Amino acid sequence: MKKAICLALLLASACTSVFAQQNTPNLAVIATASGNGDYERLSDGRMPVNTRNTPGNNPRRVQYVGKQWVQYEWKQPIETKQVALYWHNQNLNLRLPLAYRIQYWDGKAFVPVNNALGLGLDNDKLSTTTFDAVKTSKLRLEVDSADRQINSLQEWIVYQMPNVDGYPPVIAAVPDRDVMLNGKTYLYANVRSTTPLKTNKWVKVSGPGAVTFSNDAEKDGSATFSAPGDYQLSYTAGNGAYSSSSLFKVKVVTPPPARRLDVVYTRRYKIDSKLWNDRAKAMIVNWIPFCIDQCERTDLTTGQGGLDNFIEAAKALRGEPHAKHIGYVFSNAWVHQTVEAMSEALMVDPQGDKEMIAAQEKMRKTLDRWIPIILAAQEPDGYLQTAYTLRDTSRWHKRWSPEGRGNHEGYTAGYFIESAINHYTLTEGKDKRLYNAAKKLADCWVTNIGPDKIHWYDGHQEMEQALVRFGRFVNDMEGPKSHGDSYIKLAKFLLDNRKGGSEYDQSHVPVQQQYEAVGHAVRATYTYSGMADVAAETGDVDYQSAVMSIWDNMVNKKYYITGGIGSGETSEGFGGNFSLGNDAYCESCSSCGLIFFEYKMNLAYHDARYADLYEETMYNALLGSLDLPGKNFLYTNALSTSQARYEWHVCPCCVGNIPRTLLMMPTWTYVRGDNGLYVNLFVGSTIKVDKIAGTNVEMIQKTDYPWNGKVTMLVNPVQSKEFTVYVRVPNRTTSTLYTPTPQVNGLKSISVNGKAISPKIVNGYAIVRRVWKKGDRIDLELPMEVQRVTADTRIAADNGKVALRYGPMLYNVESADQQSIDKTISNKPLTVQWKPDFLHGVMIINGTWSDGTPLTAIPNYARLNRVPTTATPQSTYIAIPPTRPNEPPKYVERDPVSTVWIKDK
């Protein structure tokens, strides 16, 4: 599929107007395409020119035997009697269908057109078909025995009947957006018309202040607003006698504070939590060591390569004989992620646990072995990517070339830079090998890319967020006069260059003009994370407006209740607004990216709602991507599924990303401000936070959250100082897409040193200011109650359904606990029950199905984790042979089913 997409893009780069073929309006340009796949390209009014029919490397591609279809739909009936189709086998990489039929909608059903003549299937040629005239709102092309999604169809033209006056233009929905007060929003409209436009008009429909347009009679322009609030604007386009309008919303908001909050870097810390001790141990004892072993394997040749690529690249740099690069061009990524995950794992206090101590010792030895190998592959000027060093020089001529955007040069470099940050903090700056190498790499990029140098951007964004994160870190470690700012400037330059590309990698328009979350979800969140960082560092108003617009669109129109993103309708990415099927893609890497994005928004806006969101994503979308033993994972995380986890993936981009994100606990738990400390997560732990009002502070949390809401915090400053502790007051209504009942927000109680207080709550934080001394204590209780959550009716997949939540946790019902989950929940009360020996210790929800049988729900993260017991019929399970030495077979439930959404009464 990826190859087909790439070839289609190459074909699309050499196009000619369909009007050169026949001087008749093409009605397809005002239609909406749909079908078993993504067919927007069919109606773009352009088609490939003749291409060489050279045999490809996949002539035996499996053909799908059965019917595939694609259709056009118009807002009003059209008249036609002729169509033309352009088929292309993409150099024999795709099969042409055996036959096809043209059907039209007669008001009740699709029926064949009469007297069809043509129906040609010539490759690389426009094939015309005529038929008796029809008046219809839908045309369908039904195809026999084609490759899935009819990829060989490149263009489908529908000719307008002669002597028909015409049709109104179609305006693609102008995206709703946010804009900073005193900033401007960029206006542009995608208008499709069968004839040239004669009029364009922007107008204010409603809103509290005045709207000033740069030019209200031009399709592209900008608008500014005189007051904050909600506005409606309208765009109208006409082609003479016919016109169309599109209404959209603009929310004008106040800019963020001038100074962002400061990062609390992950350093050595202790966990004291039933849940997180268990999860950390699973990652440290099983998952990360397994990732190490996989990265050191030399027999994974399909899409994968590990440490072996670094070894061979070092040989090449020394002028020695060497092997070719193995696997994807981005295969360095999981090695760098694993280095970062090891560094973080070594910062977790094992508290005497022998298995953790042994695993950490393996990691120390691994880092000692790996670091010289990785650094030996770094080129003399600092550049680092083994795929380039070991490249085929006849095909890959230079770094940072426009045609090399898919080579992931920034993607792999970014992960290396980020790994250096946590390795530096692990060693408390005593071992600067990776840190210095990361500076050398970043300096190489600064030297070569920038104004009056190379103008470039990567197809998979990661370098952008890494450069800002690293620039900030360098400034914090070496002082504000160090050259960390040069890295931040480069990150902005890379983002500023994103234009003229596609939505897939968020390069369709300049980032300052992007107002909707689109494309590949991982690339998107990394882009948005980098944009949020740049906005916070520079105060760029256009960046602030774009970031807030994207955030609003993502969270309130494209966000799953679990905190996951990416429906998978586009390639690994976002669908349309409210298109949130429960067979979601929700890639684990996109959850990691979303946590970073929300965290950056928290730093910029000093607002707890962003921490509410990343807590939700962490506990639900990401935590359950690993199984309870930490031996299997999920690349994708559907909300209703029977998919068992697996050990590895042909594209293992998530394997190190999961632990490197989850184990960065001190960073997610606390942030620093000029006058105090912000508490964002409630996790039993001991964490040291530097530079609070001129002193360092040890923060000790004692809590069983998320299983209950009681939290005790001991505030231990090295010196008694006056500062503010900002305590997050969780708000469970994180997205307007979902409505919980009852509302469970606020605080049940809060006290300092045993004395109840009534603090002011600002931006979701309870503000507690005093002179703090060692041993001071904050006790709070958060309300914890089972909630029933319903979805916006525009989410078709969730109509008539309800989800269950307790605290930050979403719950699943599973076939392992009840005979059937395809029935309705009753309205009887729901209760919780702590089960210490069940699924490593969880709070379950007990209820009743409408037929009176018991209902049991478990936390979403613990889904599909059942193993057989002596009391369980073995026929319920399937044994999978072991793949690791000295391990018994793995058992998985036969035909398991797990779902977040339950039928409601």
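Only lysines eight or more places from Lys631 in sequence, or on another chain, were considered; those with a Cα closer than 24 Å are Lys270, Lys274, Lys281, Lys354, Lys362, Lys365, Lys835, Lys890.
How high is the FRET efficiency between Gln232 and Val164 when r is their beta carbon distance and R₀ equals 35 Å, given to the nearest 0.05? For Gln232 and Val164, the calculated efficiency is 0.55. About the centre of its Cα atoms, the chain shows a dipole size close to 740 debye [charges on the beta carbon of Lys, Arg (+1) and Asp, Glu (-1) only; nearest 20 debye]. Compared with the alpha-carbon gap, the fully stretched path from Val771 to Ala172 is longer by 209.9 nm at 0.36 nm per residue. With K and R counted +1 and D and E -1, the other residues having a Cβ less than 11 Å from that of Gly764 yield a net charge of 0. Footprinting exposure proxy ranking of Leu494, Leu117, fewest other C-beta atoms within 10 angstrom first, gives Leu117, Leu494. All C-alpha pair distances within region 385-467, sorted into 10 Å bins from zero, spread as 17, 45, 28, 9, 0 percent across the bins. Annotation for Lys453 and Lys108: the two label points, set 7 Å from Cα along the Cα-Cβ direction, are 7.0 nm apart. Local charge for Gly107 was computed over the other residues whose Cβ lies under 12 Å away, with Lys and Arg +1 and Asp and Glu -1, and equals +2. Highest mean first, the peptides 481-490, 318-327 sorted by other C-beta atoms within 10 Å per residue fall in the order 481-490, 318-327. For the pair Val762 and Asn436 in one chain, pulling the backbone fully straight at 0.36 nm per residue adds 113.2 nm over the alpha carbon distance. Straight-line cross-link reach from Lys721 at under 21 Å between alpha-carbon atoms covers these lysines, not counting any fewer than eight positions away in the same chain: Lys688, Lys691, Lys755, Lys760, Lys773, Lys774. As a calculated quantity, the FRET efficiency between Arg267 and Asn731 at R0 = 30 Å, using C-beta atoms, amounts to about 0.50.
Taking other Cβ atoms within 10 Å as a rough exposure proxy, Met477, Met554 sort from fewest to most as Met477, Met554. Give the shape of region 262-665 as rounded, prolate or oblate, defined through the alpha-carbon gyration tensor: a ≥ b ≥ c are the square roots of its eigenvalues, a/c under 1.5 means rounded, and otherwise the shape is prolate if a/b is larger than b/c and oblate if not. Here region 262-665 falls in the rounded category. The calculated 222 nm mean residue ellipticity attributable to helices in the chain amounts to -7500 deg cm²/dmol, summing -39500 (n - 2.57) over DSSP H runs of n ≥ 4 and dividing by all residues. Placing +1 on the Cβ of every Lys and Arg and -1 on the Cβ of every Asp and Glu, with no other charges, gives region 170-253 a dipole of roughly 120 debye about its Cα centre. Give me the distance between the Cα centres of region 340-355 and region 510-587, rounded to whole Å. Each part's Cα centre sits 33 Å from the other's. Once the chain from Glu781 to Ile357 is taken as fully extended at 0.36 nm per residue, the excess over their C-alpha distance is 149.2 nm. For the chain, the share of DSSP beta bridges that are antiparallel, to the nearest 5, is 95%.
Only aspartates and glutamates eight or more places from Lys324 in sequence, or on another chain, were considered; those with a Cα closer than 13 Å are Asp308, Glu312, Asp392. Taking all C-alpha pairs of region 349-487, those more than 19 Å from each other amount to 56 percent. In terms of distances greater than 29 angstrom between alpha carbons, the cross-link table entries Lys432/Lys600; Lys75/Lys201; Lys219/Lys557; Lys108/Lys219 yield Lys108/Lys219.
Considering only C-alpha atoms, what is the centroid distance from region 191-230 to region 666-715, in Å? Cα centroid of region 191-230 versus Cα centroid of region 666-715: 47 Å apart.
Phi angles of region 812-824 translate, via the Karplus equation with coefficients 6.51, -1.76, 1.60 and θ = phi - 60°, into HN-Hα couplings of 10, 9, 10, 5, 5, 10, 8, 4, 9, 10, 9, 8, 8 Hz per residue; Gly and Pro are given as x. Model label sites at Thr712 and Thr831, defined 7 Å from Cα along the beta-carbon direction, differ in position by 2.8 nm. Between Lys481 and Thr695, the simple label model (points 7 Å from Cα in the Cβ direction) yields a spacing of 3.0 nm. Taking amide hydrogens as placed 1.01 Å from N in the peptide plane, the amide H of Leu580 sits under 5 Å from those of Ala796, Ala797, each at least 5 positions away in sequence or on another chain. With a Förster radius of 22 Å applied to the C-beta separation of Ala241 and Thr130, the computed FRET efficiency comes to 0.20. Provide the net charge surrounding Ala280, with neighbours chosen by a C-beta distance below 14 Å and charges set as Lys +1, Arg +1, Asp -1, Glu -1. After counting each charged neighbour, the total is 0. Given (1) 2, 11, 19, 24, 21, 14, 6, 2, 0, 0; (2) 2, 7, 10, 16, 18, 12, 8, 8, 7, 5, 3, 2, 1, 0, 0, 0; (3) 2, 6, 8, 9, 9, 8, 7, 7, 8, 9, 10, 10, 6, 1, 0, which label gives P(r) over Cα pairs in 10 Å bins from 0, in percent as computed from the coordinates? Computed from the coordinates, P(r) over Cα pairs in 10 Å bins from 0, in percent corresponds to (1).
Every read-out reported here was derived from the displayed coordinates using simple, explicitly stated rules and does not represent laboratory data. Keep in mind the model is a prediction, meaning the values are calculated, not measured. Using ideal geometry, Cβ is built from the backbone for each residue, glycine included, and neighbour counts are taken over all protein chains shown.
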